[in-house]
Every structure is written in structure tokens, then in C-alpha cells.
1. Give me the residue from the stretch 99-117 that is among the aliphatic types (A, V, I, L, M) and under 21 Å from the mean Cα position of the chain (by Cα) and, out of that set, farthest from Ile186 (Cα to Cα).
2. Look at Pro141 and say whether it is closer than 25 Å to Glu17 by Cβ and touching a residue at least 40 places away in the same chain (Cβ under 8 Å).
3. Taking only the stretch 257-310 into account, find how many residues are closer than 26 Å to Ala333 by Cβ, outside any strand (DSSP E or B) and without any contact (Cβ under 8 Å) to a residue 40 or more places away in the chain.
4. Give me the residue from the stretch 158-172 that is in contact with a strand residue (DSSP E or B) (Cβ under 7 Å, 6 or more places away or on another chain) and in a helix (DSSP H, G or I) and, out of that set, farthest from ligand 1 (Cβ to nearest atom).
5. For Glu38, are the conditions met, namely being surrounded by fewer than 22 Cβ atoms within 10 Å (Cβ to Cβ), within 20 Å of the chain's Cα centre (by Cα) and among the acidic types (Asp, Glu)?
6. So which residues in the stretch 10-21 are out of contact with any strand residue (DSSP E or B) (no Cβ under 7 Å at 6 or more places or on another chain), crowded, with 17+ Cβ neighbours inside 10 Å and not small (Gly, Ala, Ser)?
7. Given the residues Asn299, Asn336, which is the only one that is within 17 Å of the chain's Cα centre (by Cα) and surrounded by fewer than 19 Cβ atoms within 10 Å (Cβ to Cβ)?
8. Any chance the stretch 131-150 includes a residue that's closer than 13 Å to Thr39 by Cβ and part of a helix (DSSP H, G or I)?
Amino acid sequence: MTTEIVIVDPEKIESSENDIKNAAEIIKSGGLVAFPTETVYGLGGDGTNPDAARKIYSAKGRPSDNPLIIHIANPSDAEKYTFTNETYYKLAERFMPGPLTVVMKAKDSVPKETRGGLDTVAVRCPSHPVAHRLIELSDRPIAAPSANLSGSPSPTSAHHVIDDMQGRVDMIIDGGDCEIGLESTIVKLEDDGSLLLLRPGRITLSELACVAQISVADAVTDRLREGEVALSPGMKYRHYAPSAPLVLLDGELSCVIEYIKSKKHEKAAILCYTDDKIRVAENLPDADIYVLGARDNINEQAHHLFSILRDADKQSYDIIYAPLPSMDGVGLALYNRMIRAAAHTVIKLRQE
Ligand code: TXA
Ligand code: MG
């Protein structure tokens, strides 16, 4: 399959109306279009067409029991596809359009294929102007997982999508880098109006707690126990794991440096904060350094993480070290992605 690549400036989408119209026609006729959102790039198809869902699973190499999020242009469009309640509208008022996905009981208008056979469906109303216009012109919900091959980090720029999806989709819309860089926050809306956090993201637990009672699914921070059923099918699959082992280090910078020195690795990569770069470079001159962002700027770290992991994966490191993020605020999202990429390998380092 040839993949058409079009560049759209998110700040001047009017000048690319024809390209977005063409993309919408592809969606309407059952094809696939990768497009930018404020979180990560999505791999979109018609959310009401079972064949489009099958094509998405096949393009990603994703198991077909791992359901897709449907993307809508306006929060009230959720009525067509789900049974909403008052809490949904409170969430919508505060966080939509934006990086929040809400799982609710599905209506029959969403085919089983799109929802991976579940009786619920995940709904998100993205704020990215290209995503919004594409959904509007398609005149149907767009089912879209992240536009990466299953097992690689979510794409945060068009070249990541091109690396993974060229030849597998009809069109890729290059809208530049995604602002947030981590996937949306996912909550399940329970019948009593309370929420269950399934995947942390830019919208934080405390922001959500201002709207409704919320608890956190164990799998957000823990491994699933043997025999445990995943509330969100995505939780049970092995997520992105770099080809070199990723080890999270929890401790003062001096301890981190001493620890890495003592290991005498041939080829190590170190993810560090901007604030620590000079000290790390001086003390570990043989290691490759990747800067996540300022220590106190979690949004900046989130924005860079997946891109760094992709870059590091292209080198054949013996090992990759990264600092263990805090679980506060957006830190919980970073923690959740990193702990999974590291297969829960955390080393606690304490000052003697
Ligand atoms: O930011 C995002 O959410 C991006 C952009 C493209 O919108 N999309 C995204 O989709 O991250 P995906 O498919 O890569 O991750 C969605 C997760 C999966 O882990 C899936 O198992 C879960 O959401 N999910 C989808 N529908 C669900 C449902 N009905 N119940 C529980 N979990 C669901
Ligand atoms: Mg994904």
C-alpha cells in the first residue's frame, strides 16, 4: 500500500482544508489515516465500521480484544454511542475538548470489533485542531489507538509514525510534534457516578477528584497478579519495552553516579534532568546522555520521554538508566509509563 504523507500546520488548518477533506473521505470509505492529537498521534478509522477496526488491529499488529478509543468532535456526540450520566457532563465541561478518555456502557451503534468485544466503549474529544476538523468532516466517530506498532512507544511526531506505519495506512497527516507526548488519562465511569482511573495522563487524579469520587486501578502502579482480570485490556499486554533493559534508579544524584560507575558498562545510556546533565557528563564520560527536561517540569519530561526511548532504542545499549519519577500530579503518568517500560525494575539507592 502506498501511504500519502501530507503536512498540515495546526495553526493554519483552513489552508489545508482540502487535504483534511481527502483524509475524511479515506475514513468514510473504510481506510486508515494517522493524524496528530494533543497527546500522541492516532491511527484512525471509521468507528462505526467493523472492517476499519479489523484493519487498525492488523496495521498495528495489535490483538483484536484490545479495544479502541472512539474520538468525537463534540462532547454531546457521546450520546450516540454510549449511555452517559451527569458525571460525564461534569467531566466534559471541565476537561473537554482535551486529553481525557471516558469509558462508558456502549450502545449498539459501536460495533463489537471497535470495542474489542466489551460492552463498554472509550470516548475522547481531542482538542487538537487537525483531529477536531478531521472528525467533523468525516461525520462519524474516529476509532484510533496510538499510531505505533504494537510494542513500540506511542508516536509523538510524524517521523515516528512514518517509521512504524508507512505502507500500512492510506495517509499520514504530519501536524508536527504532539504537545503533551503521553496518552490521554482514561477513567471508567461507574453506574453510581464515581470514577476509576485506568490510565493516568496530563489530567491528574486531584483534578478529577474535584469533579467526582475517584479510585485508582491497582494496575496503574502495580503488576497484574497471576490470574487477575485486567479492567482495561491494554493493561494486560506487555507494553513497550526497550531492547536494552531499562532500570529506574531511586536516589540522590551522587549515589546514582557511584552506582553506575561501579557497574563498568561498555555502552550505557542515561536519562537525566537538565539540571544534572553537566555532573553526569563529567562523572560518566563514556555514557550517552539523554535529557528528559528540567527536574521540576514534569510536562517537559513527559513531552520528551517517548521520543528519547525511540532514539535510545536505535543504539545497541547494554543498559538504559533513568530516574524514578515521583507519583505526584502528572508524575503518576510518567511513573506509569516508565515502570512498565522498565518491567518494574527499580533500584533504591541510599546515601551511606
Ligand atoms: O491519547 C490517547 O488516548 C491516544 C490518542 C490517539 O487519542 N490513544 C490511545 O489509544 O492511547 P490506545 O489504543 O493506544 O490506548 C487506549 C487504551 C488501551 O489500553 C485500551 O485497552 C483501553 O484504552 N481501552 C479502550 N477501550 C476500553 C474500554 N472499553 N474499557 C477499558 N479500557 C479500554
Ligand atoms: Mg497505545
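1. So the first thing to find is which residues in the stretch 99-117 are among the aliphatic types (A, V, I, L, M), and the list is 100, 102-104, 106, 110.
Restricting the remaining residues to those that are under 21 Å from the mean Cα position of the chain (by Cα) gives 100, 102-104.
On the way: Leu100: 6, Val102: 6, Val103: 7, Met104: 11 Å.
So, considering only residues that are among the aliphatic types (A, V, I, L, M) and under 21 Å from the mean Cα position of the chain (by Cα), the one farthest from Ile186 (Cα to Cα) is Met104.
2. Working: closer than 25 Å to Glu17 by Cβ: yes; touching a residue at least 40 places away in the same chain (Cβ under 8 Å): yes.
Here the answer is yes, as Pro141 does meet what is asked.
3. Here the count works out to 13.
4. Step one: filter the stretch 158-172 for residues in contact with a strand residue (DSSP E or B) (Cβ under 7 Å, 6 or more places away or on another chain), giving 158, 161-162, 165, 169-172.
Cutting the leftovers down to in a helix (DSSP H, G or I) gives us 158, 161-162, 165.
Numbers: Ala158: 14, Val161: 11, Ile162: 16, Met165: 13 Å.
Selected residue: Ile162.
5. Working: surrounded by fewer than 22 Cβ atoms within 10 Å (Cβ to Cβ): yes; within 20 Å of the chain's Cα centre (by Cα): yes; among the acidic types (Asp, Glu): yes.
Against the criterion (surrounded by fewer than 22 Cβ atoms within 10 Å (Cβ to Cβ), within 20 Å of the chain's Cα centre (by Cα) and among the acidic types (Asp, Glu)), Glu38 qualifies.
6. Filtering the stretch 10-21 for residues out of contact with any strand residue (DSSP E or B) (no Cβ under 7 Å at 6 or more places or on another chain) gives 10-18, 20-21.
Next, from what is left, pick out any that are crowded, with 17+ Cβ neighbours inside 10 Å: 10, 13, 16, 20.
Matches in the stretch 10-21: Pro10, Ile13, Ile20.
7. Working: Asn336 fails: surrounded by fewer than 19 Cβ atoms within 10 Å (Cβ to Cβ).
Only one candidate passes the filter, namely Asn299.
8. First pass over the stretch 131-150, keeping only residues closer than 13 Å to Thr39 by Cβ: 131, 144-148.
Still in the running and part of a helix (DSSP H, G or I): 131.
Looking for residues that are closer than 13 Å to Thr39 by Cβ and part of a helix (DSSP H, G or I), one finds at least one in the stretch 131-150, hence yes.
The values are calculated or read from the model by the stated rules, or taken from the named source; none is laboratory data. Everything quoted here is computed from the prediction, not taken from an experiment. No Cβ is skipped: glycine too gets one built from the backbone with ideal geometry, and neighbour counts run over all protein chains shown.
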